[in-house]
Amino acid sequence: VGAPAPLCRWLGGQGGAVLGPARVIEHLVNAARTFIFDTGLAPAAAGGALAALTLLRREPERAARARAVAAELHARLTAEGLSAVRPDAAVVSVRAPSPEGAVRWAADCRAAGLAVGCFRPPSVPDGISRLRLTARADLSGVQIERAVRVIGETRP
């Protein structure tokens, strides 16, 4: 696509893709265990990433806003006494007490109208179950406040 690396790291839609010389791709297809059982990149995901790249080129402030929202989420969550990883992108990870606690917490958030990701073993190492929040550039202060409130009120 030819975009600078810092911009590309913000585009997400479906796992990852390796783009490069045919020899490198061939080697990875045949030798990388984690890739061998994977599926190909969906055309819709590639089209979505291309549309996002076009939008970011037109409105580069969106990336900075998403990072600012992530930083605000982190600050508010830690102020509530939650253990959250300081984000370097648009994802904020909040530590859960256990795999079961993470699943229950995510379900309680969803029941309160807040969709969050839930990661637990084997997706992450033992003892590192987490909720995962994705910051968006279009989130308002009221929406951020509500998300923090729901996460705090539903914590196990």
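Here are a few things to note about the model shown:
- Within-12-Å neighbourhood charge of residue 129 [Cβ basis; K, R +1; D, E -1]: +3
- Residue 120 contributes an accessible area of around 90 Å² to the protein surface, as traced by a 1.4 Å probe with all chains present.
- Take the Cα of residue 71, step 7 Å toward its Cβ, do the same at residue 88, and the gap between the two points is 1.6 nm.
- Shape class for the range 85-156, computed from the alpha carbon gyration tensor (a ≥ b ≥ c): oblate, with a/c not under 1.5 and a/b at or below b/c.
- Compared with the direct C-alpha span, the chain from residue 51 to residue 132 gains 26.7 nm at full extension, assuming 0.36 nm per residue.
- Distance-filtered residues of the range 111-144 - backbone nitrogen under 14 Å, label point 7 angstrom along residue 100 Cα→Cβ: none
The values are calculated or read from the model by the stated rules, or taken from the named source; none is laboratory data. Treat the numbers as computed from the prediction; the structure is a model and nothing was measured. All Cβ positions, even for glycine, are placed from backbone atoms using ideal geometry, and neighbour counts span all protein chains on display. Note: accessible area is taken over every heavy atom of the protein model, side chains too, but ligands, DNA and RNA are not part of it. Shrake-Rupley method; radii C 1.70, N 1.55, O 1.52, S 1.80 Å.
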